[in-house]
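Student: Have a look at this one.
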Amino acid sequence: MQKPLKALVATAAIVVAACSSPATTTPSGNTASQSTETVAPPTTAPENIFDSAYAPAAGTKGGQILIGDWQEANQFNPFYSGQVTEANVNSAVWASLVVPTSDYKYLPDLAAEPATTANGDVKVPGDNGDAMTVTWKLKADLKWSDGQALTCDDFKYTWSWNMDPANTGLFGGTVGYDSITGVDCPDPTTIVYHYKEIYEAYYVLGTPLPKHYFEPIPMADQVKGKGMQPADMPKVPTSGAFKFQSVTSGQELRLVRNDQYKGFKSNQPANLDTLIWHWYGDADAMIAGFAAGEVDFATDLQDSDIPKLEQQGLKDNIAAAPALLYEFLRPNWAAGPGDAASNVGGCSRNPAVSDRGTGCPMSDPAMRQAVSYAIDKNEINTKLLGGTAQVANTNIAPQAWYFSDQTPATFDPAKANQILDAAGWVKGSDGIRSKNGLRAKIELCTTTRQVRLDTEALVSSWLKDVGIESVVNGVSPSDIFVEYNDGTKDTPCALSHSNFDLAEHAFSSSLDPNSSYSTYYSTLTEPKGGNDASVNDPDLDKALDTVKGSVDFSVIKDAMATFQKIYVDKTVEIPLYYRKNVDLVSSKLGNYFQNPTSAGPTWNAVDWYVKG
């Protein structure tokens, strides 16, 4: 899966639906270039995260770029979006205080300059009893796309909007915003945040909503999508390089230049007149569309596609670079039966596994650990990915400064059997295990991309070898990644409603180490956060609290090392391989720089231009 706008909206991992949704990569600049090398992790934390060397060309004005994606963006409120395709759209239309760059740094966007402890804008302890006080100065004369002034009041409204008890389904929950006790606006361009506790990721709470547009809409209606339906989008004021022109469900999305926005590097409006997304519904159809010249840019591909692209004569168009992105198997920790009011908790409600008895097999730690030993990651890489991927040891990509390498579970079916035997999972005459009347039968959820279905077929065979029966269910990305407010307890494989046992997808993370907080913290299950797998471990919570509550890089790095050790030791998930960002780029697209974060390839769409 894979996403974010969330890199700036909140520190949550984005679900990467690309298949097969958390250092410095070489930006591909104006031309596509293939890169499959493994990048070594930095040995120390960055001394200055705001000193990006990003330097786009001046570019020419006018023209359009057509973008292809195999999955459709349906959610355009950046605080509800969870898929990479939605994050890509949102990066082009919503601006933030700072923007994550292609070289793993940040640049001021709506902010006049970064707020740091060095310049006195971040005070720890803060003023008047605050644990921390953060002051941001906005650029002068900011405006929404409809010409209304963009001011501190919009940021203050966004804080209260996030904290409204009636607001459900926020992708990252209220993490960060719930650390703020108040927001002052001494003048239109000054924002003062008062924190009750130190919050490490203060600089990514920076995407404002237009108060004048949203405030008249009751929150009860907003969570049902009022004001953000396809027909509404041309009226929605945006803060970024583009604004909505039209949304035609199932076909295309059109954006036009927002002349009110000035680029974070150029201080000029976007070069392009128009950005147009075409939705293909299938990756192979999208690749064929790019080869036929239907689109200038095709995104959301992965390592497994590279050999096929080369065979089709597209080698010179491939842009592939390491990213903060990993493919994994996500076990559902929930024991059930689930909460009837919120329709979350519990596990798969697929009728195909209803004959297993009462309970959730993956809620047993022994079952999760056994699965990790039953999976042959190397065979997945060599057989399905052509050996192009790097097998994953943890959920943090090696390029992140807070990466800590771990010793993962190796392929060892004998050990998997020993673990299940010791935990009381007994094999029956058919070779399938049971425990206390519950049959070891699970649903394997994923998307419809062939490489994922092929992966799940391998996983299913390996699980059967150790006594676990499985049913593979490949569903639409709009089902498995459905936003909480739009799904139900019976939406097939819906992660947000806990309707799964073991799901394969991917996560794309923020540059910020706190991106794991809302995904794994025990209390942040839907609709309060993104812990869709109901992970619940006190030691994990303690490590995440340390990260969240510190502004000391060394403390944060140590806490993230602890987090990653627990992640592996307690089989929070089963990481399969680290993924690259893989795109197809036409020679006509200028200033294309790959971004390794969940901000996506459109992070600098303001600087894109059509080459002559």
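Student: Enumerate the calculated ³J(HN,Hα) couplings along region 181-195 in order (Karplus 6.51 cos²θ - 1.76 cosθ + 1.60, θ = phi - 60°), each rounded to whole Hz, writing x wherever the residue is Gly or Pro.
Tutor: These are the phi-based 3J(HN,Hα) values: 9, x, 10, 10, 10, x, 7, x, 10, 10, 10, 10, 9, 9, 10 Hz.
Student: Tell me which residues come under 5 Å, amide H to amide H, from M132 once H is placed; ignore anything under 5 positions away on its chain.
Tutor: Sorted by chain and number, the residues that satisfy this are G126, Y195, E197.
Student: Just to verify a number: FRET efficiency for D430 and Q245, C-beta to C-beta distance, R0 = 60 Å, to 0.05?
Tutor: Details: r = 58 Å, r/R0 = 0.97.
Efficiency for this residue pair is about 0.55.
Student: Can you sort T519, T525, T190 from fewest to most other Cβ atoms within 10 Å of each residue's own Cβ?
Tutor: On the way: T519 28, T525 23, T190 15.
So the residues, fewest neighbours to most, are T190, T525, T519.
Student: Take each of the peptides 315-328, 255-268, average the number of other beta-carbon atoms within 10 Å over its residues, and list them starting from the highest. Each step should come with its number before you reach the end.
Tutor: Working: 315-328: 23.7, 255-268: 19.9.
Result, highest mean first: 315-328, 255-268.
Student: Could you list K235, K489 in order of exposure, starting from the residue whose Cβ has the fewest other Cβ atoms within 10 Å?
Tutor: Numbers: K235 11, K489 17.
Ordered from fewest to most neighbouring Cβ atoms within 10 Å, K235, K489 come out as K235, K489.
Student: Moving on to the next point. Going by how many other Cβ atoms sit within 10 Å of their own, how do T562, T447 line up, fewest first? Numbers along the way, then the final one.
Tutor: Working: T562 18, T447 30.
Fewest-to-most Cβ neighbours within 10 Å comes out as T562, T447.
Student: Can you compute the helix-only [θ] at 222 nm over the chain? Use -39500 (n - 2.57) per DSSP H run of at least 4 residues, normalise by all residues, nearest 500 deg cm²/dmol.
Tutor: Numbers: 14 runs with 122 residues, N = 612.
Computed mean residue ellipticity for the chain: -5500 deg cm²/dmol.
Student: How big is the charge dipole of the chain about its Cα centre, in debye rounded to the nearest 20, if each Lys and Arg gets +1 on its Cβ and each Asp and Glu gets -1 on its Cβ? Spell out each step's value before the answer.
Tutor: On the way: 47 positive and 71 negative charges, 57 e Å.
The dipole magnitude comes to about 280 debye.
Student: Still on this structure: Taking amide H positions as placed in the peptide plane 1.01 Å from N, state which residues far from L138 in sequence (5 or more) or on other chains have amide H under 5 Å from it.
Tutor: Result for L138 returns A112, T190, I191.
Student: Of (1) 28.0, 92; (2) 23.1, 75; (3) 33.4, 126, which is the value of Rg and Dmax of the Cα atoms in Å derived from the coordinates here?
Tutor: Of the labelled values, this structure produces (2).
Student: 5 Å is the cut-off here: which amide hydrogens, built 1.01 Å from N in the peptide plane, fall below it relative to G206, excluding neighbours closer than 5 in sequence?
Tutor: For G206, whose amide H was placed from the backbone, the distant partners under 5 Å are L97.
Student: So if I place +1 on the C-beta of Lys and Arg and -1 on the C-beta of Asp and Glu, and nothing else carries charge, what would the dipole magnitude of region 433-564 be about its Cα centre? I want it in debye, nearest 20. Let's see the in-between values first.
Tutor: Working: 12 positive and 20 negative charges, 72 e Å.
Taking the Cα centre of region 433-564 as origin, the dipole is about 340 debye.
Student: Under a straight-distance cross-link criterion of Cα-Cα below 17 Å, which lysines are reachable from K427, leaving out those fewer than 8 residues away in the same chain?
Tutor: Cross-link targets: K415, K435, K441, K464.
Student: Further, regarding this structure: Given 0.36 nm per residue, what is the gain on full extension from D187 to A422 after removing their alpha carbon distance, in nm? Write down the numbers at each step before the final one.
Tutor: Numbers: separation 235, 0.36 × 235 = 84.60 nm, distance 6.54 nm.
The D187-A422 span can extend by a further 78.1 nm.
Student: Residue by residue, what Karplus-based ³J(HN,Hα) values in Hz, rounded to whole numbers, does region 469-477 have, using 6.51, -1.76 and 1.60 with θ = phi - 60° and x for Gly and Pro?
Tutor: 8, 9, 10, 7, 10, x, 10, 5, x
Student: Here's another thing I want to ask about it. Would you be so kind as to identify which of V471, L209, S508 lies farthest towards the positive end of the dipole of the chain, taking Lys and Arg as +1 and Asp and Glu as -1 on Cβ and the Cα centre as origin?
Tutor: Ranked along the dipole, the leading option is V471.
Student: I want to check the label-to-label distance for D51 and M219. Put each point 7 Å from Cα in the C-beta direction and report it in nm to one decimal.
Tutor: Each label point lies 7 Å from its Cα, and together they span 4.3 nm.
Student: Could I ask something else about it? Starting from the 7 Å offset along Cα-to-Cβ, what nm value, one decimal, do you get for the label separation of K196 and D545?
Tutor: Each label point lies 7 Å from its Cα, and together they span 1.5 nm.
Student: Suppose the chain between K588 and T410 were pulled fully straight at 0.36 nm per residue; how much longer would it get relative to their current alpha carbon spacing? Before the final figure, lay out each step's value.
Tutor: Working: separation 178, 0.36 × 178 = 64.08 nm, distance 4.55 nm.
This chain segment gains 59.5 nm when fully extended.
Student: Find how much the distance from N536 to T117 grows on full extension, using 0.36 nm per residue of separation minus their present alpha carbon separation; answer in nm with one decimal.
Tutor: Once the chain is fully extended between N536 and T117, it gains 147.4 nm.
Student: If each of D569 and D490 carries a label point 7 Å out from its Cα toward its Cβ, how far apart are those two points in nm?
Tutor: It works out to 4.4 nm between the two label points.
Values in this text are rule-based calculations from the coordinates and carry no lab data. For clarity, every value in this text was computed on a predicted model and none was experimentally measured. Cβ sites come from the backbone with ideal geometry, for glycine too, and all protein chains shown count toward neighbours.
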